[in-house]
Amino acid sequence: MDQTGIEHSSAERMNDPHVNENHLGSDRRVHRVFVTQNTEYHLRHRTCVGVRNRHTGRWVEGHQALSAEVSGALKIGPQGSLKPTRSLPKIGESLFFSDGGRDMVTGAVVAVERPPVDLVSTYGVRSRA
């Protein structure tokens with residue numbers, strides 16, 4: 001498990017070109033993209049800095065998740081029960097944003113990626129409407 005609460009299998013780490021298997025320190029990655037069926041949620045640490053439509057590739061301005069901090073993950077258990085956690089979601093779990101009464105739950109995460117450096121440099125100040 002890395003410092004953001006994401007567990008990575010050894011297969012994921014072996015296939016990740018950004019991982020140096022000889023590095024014994026903690027994972028210092030600051031930016032992550034949580035991918036759902038339709039949407040990408042771009043996080044800096046635990047704060048959403050961008051939401052992008054996967055089908056059009058366009059940034060979604062005014063999205064409720066923008067500038068919100070991830071409160072944790074929701075895992076659907078046996079018989080539809082929900083199990084909340086404070087960690088960032090793993091594949092199959094949903095991101096949970098709680099922001100002063102305006103809670104938001106995403107669809108299930110299908111991938112967790114590291115954004116390319118050139119994309120990170122485009123993260124600007126995007127805010128909710």
For this session: Could you pull the accessible area for T36 with a 1.4 Å probe, rounded to 10 Å²?
Result: 10 Å²
Problem set entry | Amide N of segment 63-90 lying under 14 Å from the label point, which is placed 7 angstrom from the Cα of D99 along Cα→Cβ | 63-72
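If you keep only loop residues by DSSP, which chymotrypsin sites (Phe, Trp or Tyr not before Pro) in segment 70-129 have at most 15 other Cβ atoms within 10 Å of their Cβ?
Working: sites: F96, F97, Y123; in loops: Y123.
Hits after loop and neighbour filter: Y123.
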For this session: List, in order, the whole-Hz ³J(HN,Hα) value for each residue of segment 43-53 obtained from phi through the Karplus relation with A = 6.51, B = -1.76, C = 1.60 and θ = phi - 60°; use x for Gly and Pro.
Result: 10, 10, 6, 10, 9, 6, 10, x, 10, 10, 6
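The values are calculated or read from the model by the stated rules, or taken from the named source; none is laboratory data. In this text, all values refer to a predicted model and were calculated from it rather than measured experimentally. We place every Cβ from the backbone using ideal geometry, glycine too, and count neighbours over all the protein chains shown. Ligands, DNA and RNA are excluded from the accessible area calculation, which covers all protein heavy atoms including side chains. Shrake-Rupley method; radii C 1.70, N 1.55, O 1.52, S 1.80 Å.
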